[in-house]
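Inspection log for the structure reproduced underneath, given as structure tokens.
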Amino acid sequence: MGDEDDLAQSLEAHRKYLQRYALFHLHDTALAEDAVQDTLIAALAQSRRFEGRSQLRTWLTAILKHKIVDMVRKRGRGLPANTLSLNDDDSGDASFTSKGAWIDPPADWGLPDAALESQQFWRVYQECCRLMPQRYGLVYSMREVMDLSSEEICKKLDISTSNLHVILFRARLRLRACMTKNWFGTDHG
Amino acid sequence: MGKLMYSCEQAAQLSSRAMEQPLGPWERMLLSAHLMMCRRCTSFTRQIAFLRRVSRKIPEALDEDGN
């Protein structure tokens, strides 16, 4: 019993981090709390599987990722359609002319790494992620923030590899444009 | 013949795909040829690679936001 109490206490210590992680992906405090609660319960139930094989936080985060993806899937909203092709950009703000030239050509960002030191940069970045249409945002953050493999994402969301590439491309175009507009193209950058 | 030169849209799209899977030899050659001549797409390619690095650091950044 003592061991379980210890575990419960250690889990509690990671709750705030998990909450922020969930909120980053779900953009909804109540949903994020649910995801974290489910994660902690699952962690307690499976505690025998943990056995200190990996860092507790890494293990908890791995459980949480799956809860987040399941939650978004269950809600059904914001899921990528499987029929997207490169030719039907539904977003209404195209990045290229009909001949494939840049409408708003990317300019040099200089040495962007300096920005990583700035708290404000991270806030702008998170806001740009949040502003992405959900059908791109989820896939983008599964791939780039959760660092899930392409295969895993395609399987979980039941989309084709080429569809995944289209979505990631569009997400990157948007994020890049948003960061240019709100950071690198301003006095900060 | 038209296929010998990528448009910026094709080049940018391939740069993005190259982050997911290795390109074929032909694609790789045409892409580097385009990038050699096109500063815009070179910037784009660097920037999306930078954004990947930033995204992978998000979990750390969330941690440092305070406790």
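A few comments on the model shown:
- Candidates are the residues of segment A:125-146 that are within 17 Å of residue B:59 (Cβ to Cβ) and surrounded by fewer than 19 Cβ atoms within 10 Å (Cβ to Cβ); the one that is farthest from the other protein chains (Cβ to nearest Cβ) is A:130.
- Test: residue in segment B:18-33 that is hydrophobic (A, V, I, L, M, F, W, C) and more than 20 Å from residue A:162 (Cβ to Cβ): yes
- For residue A:108, the conditions (1) charged (D, E, K, R); (2) out of contact with any Leu (no Cβ under 9 Å at 6 or more places or on another chain); (3) buried (at least 16 other Cβ atoms within 10 Å of the Cβ) all hold with the exception of (3).
- The condition (being under 13 Å from the mean Cα position of the chain (by Cα) and at pLDDT 95 or above) is satisfied by just one residue among A:168, A:138: A:168.
- Scanning segment B:58-67 for residues that are within 7 Å of chain A (Cβ to nearest Cβ) and either surrounded by fewer than 18 Cβ atoms within 10 Å (Cβ to Cβ) or touching a His at 6+ places or on another chain (Cβ under 8 Å) (or both) returns B:63, B:65, B:67.
- Residues (surrounded by fewer than 20 Cβ atoms within 10 Å (Cβ to Cβ), more than 7 Å from chain A (Cβ to nearest Cβ), outside any helix (DSSP H, G or I) and more than 13 Å from the chain's Cα centre (by Cα)) located in segment B:1-37: B:1, B:5, B:24
- Number of the exception - residue A:80 against (1) surrounded by 16 or more Cβ atoms within 10 Å (Cβ to Cβ); (2) at pLDDT 90 or above; (3) away from chain B (no Cβ under 12 Å): (2)
- Selection over segment A:19-43 of residues that are of a type in the set (Ser, Thr, Tyr) and farther than 22 Å from residue A:55 by Cα gives a count of 1.
- Tallying residues that are within 9 Å of another protein chain (Cβ to nearest Cβ) and within 17 Å of the chain's Cα centre (by Cα) within segment A:147-165 yields 4.
The values are calculated or read from the model by the stated rules, or taken from the named source; none is laboratory data. Computed from a predicted structure; not experimentally measured. Cβ coordinates were reconstructed from backbone atoms using ideal geometry, including for glycine residues, and neighbour counts include every protein chain displayed.
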